[in-house]
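Right, one structure below, let's go through it.
The values are calculated or read from the model by the stated rules, or taken from the named source; none is laboratory data. Note that this is a predicted model, so its numbers are computed, not measured. As a convention, Cβ positions derive from the backbone with ideal geometry for all residues, glycine included, and neighbour counts pool all protein chains shown. For accessibility, only protein heavy atoms count, side chains too; no ligands or nucleic acids. Shrake-Rupley method; radii C 1.70, N 1.55, O 1.52, S 1.80 Å.
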Amino acid sequence: MKSWQWGNAAELSTDGAQLAAQLAPLGVRLRAYPVASAAAPWLAPAQLDASEQERLLSALDGVFQELQRERGYQDRDLVILYPEHPLLAELDAKFCRIHIHEDEEVRYIVDGEGVFGFVLPDGRQLEVTISAGDYIDIPAGVEHWFRLNGLQRIKAVRYFSARGGWVPVYQERSMQEFPRP
Ligand SMILES: [Fe+2]
């Protein structure tokens, strides 16, 4: 976790314990998994072809195997976004709206940065910027959003159960003001 902030507030916090306490009622789990050194050759380039992606996933499979044992995940793939990505604006707009999923959303960031936003049970909203080595697990039904920050670059592994249900279900609630970190 790099930093986090409340909606409508100008202050960034780096207090991970306080963030964990705020997210606890939602069941959101943040963990740190150091990125395997074997993955390094596929982290430097902004974009990867299909065979490079497969090699990167293989280099990261230590985490996958641990999560398979612990959580029963069945599959994994990669999301790779970078400033020249042809669908960058479209994808950013799609996930930057409050939504839920019928299954959990699980991401392991291995390069770049991304911003996850959450609606707490009392209606307050907060955003968390996560970066390489961060793992996040958002339970089914938790209102959240995702966007890129000014870096516009991320490589994230997505883990899937056999249940499916990760299509976004958009909510009526609107987002508070957050400066783009
Ligand atoms: Fe989502």
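Details
- Residue ranges 8-16, 42-50 sort as 42-50, 8-16 when ordered by packing (mean number of other C-beta atoms within 10 Å per residue, highest first).
- Solvent-accessible area, 1.4 Å probe, carbon plus sulfur percent, for the chain: 51
- When the alpha-carbon atoms of region 37-83 are used, the pair Rg, Dmax equals 11.7, 36 angstrom.
- For region 38-132, the alpha-carbon coordinates run over 43, 37, 20 Å along the three principal axes, in decreasing order.
- For region 1-64 and region 92-167, distance of Cα centres in Å: 10
- Of the two radii for the chain, the radius of gyration is 0.94 times the Kirkwood radius, both from the alpha carbons; that is the Rg over Rh value.
- S37-A50 pseudo-label distance in nm [points 7 Å out on the Cα-to-Cβ vector]: 3.3
- Calculated FRET efficiency for the pair E70/M175, C-beta based, R₀ 35 Å, to 0.05: 0.65
- Extension gain, E11 to D77, is 20.3 nm, computed as 0.36 nm per intervening residue step minus the present C-alpha separation.
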